[in-house]
Amino acid sequence: MKVEEEAQAAVLNRLRRAQGQLAGVIAMIEAGRDCKDVVTQLAAVSRALDRAGFKIVASGMRQCLNGEAEDGSQPLTEAELEKLFLTLA
């Protein structure tokens, strides 16, 4: 399965946001910031990564509904999609 072009931009945006947030968390730890602030920002990173993963899985589900992947390969099976989804849970 290849990430659809439309979904790819959204996924990359979320991953870049998570990358920036993670750099912020590292800087906060190095600066000795309060653990509550660090954990709050770390949770934001986690949510951004989860959203990127869910977008990728949703793209795969859409390919399954259409019956074919964009690159002409067979779409993921229901079991494969379920496994991917549960990986994010």
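Go through ALA43, ALA58 for me and flag whichever is assigned to a helix (DSSP H, G or I), modelled with pLDDT of 75 or more and either out of contact with any helix residue (DSSP H, G or I) (no Cβ under 9 Å at 6 or more places or on another chain) or among the hydroxyl-bearing types (Ser, Thr, Tyr) (or both). First the steps, then the outcome.
Details: ALA58 fails: either out of contact with any helix residue (DSSP H, G or I) (no Cβ under 9 Å at 6 or more places or on another chain) or among the hydroxyl-bearing types (Ser, Thr, Tyr) (or both).
Within the list ALA43, ALA58, the selection yields ALA43.
Of all residues in the range 61-89, how many are loosely packed, with under 12 Cβ neighbours inside 10 Å, more than 26 Å from ARG16 (Cα to Cα) and at pLDDT 75 or above?
3
Taking the conditions exactly as written (surrounded by fewer than 13 Cβ atoms within 10 Å (Cβ to Cβ), at negative phi and either assigned to a helix (DSSP H, G or I) or more than 18 Å from the chain's Cα centre (by Cα) (or both)), does ALA48 satisfy them or not?
Details: surrounded by fewer than 13 Cβ atoms within 10 Å (Cβ to Cβ): no; at negative phi: yes; either assigned to a helix (DSSP H, G or I) or more than 18 Å from the chain's Cα centre (by Cα) (or both): yes.
No; evaluated as a whole, the condition is false for this residue.
Return the residue satisfying two criteria in turn: it lies in the range 1-37 and is among the aliphatic types (A, V, I, L, M) and in a loop (DSSP other than H, G, I, E, B), and of such residues it is surrounded by the fewest Cβ atoms within 10 Å (Cβ to Cβ).
So in the range 1-37, the residues among the aliphatic types (A, V, I, L, M) come out as 1, 3, 7, 9-12, 15, 18, 22-23, 25-29, 31.
Those left that are additionally in a loop (DSSP other than H, G, I, E, B): 1, 3, 31.
Details: MET1: 20, VAL3: 18, ALA31: 8.
Step by step, filter the range 1-37, then rank; the result is ALA31.
The values are calculated or read from the model by the stated rules, or taken from the named source; none is laboratory data. Please read these numbers as outputs of a predicted model, since none were measured by experiment. For neighbour counting, all protein chains shown are included, and Cβ atoms are generated from backbone atoms with ideal geometry for every residue, glycine included.
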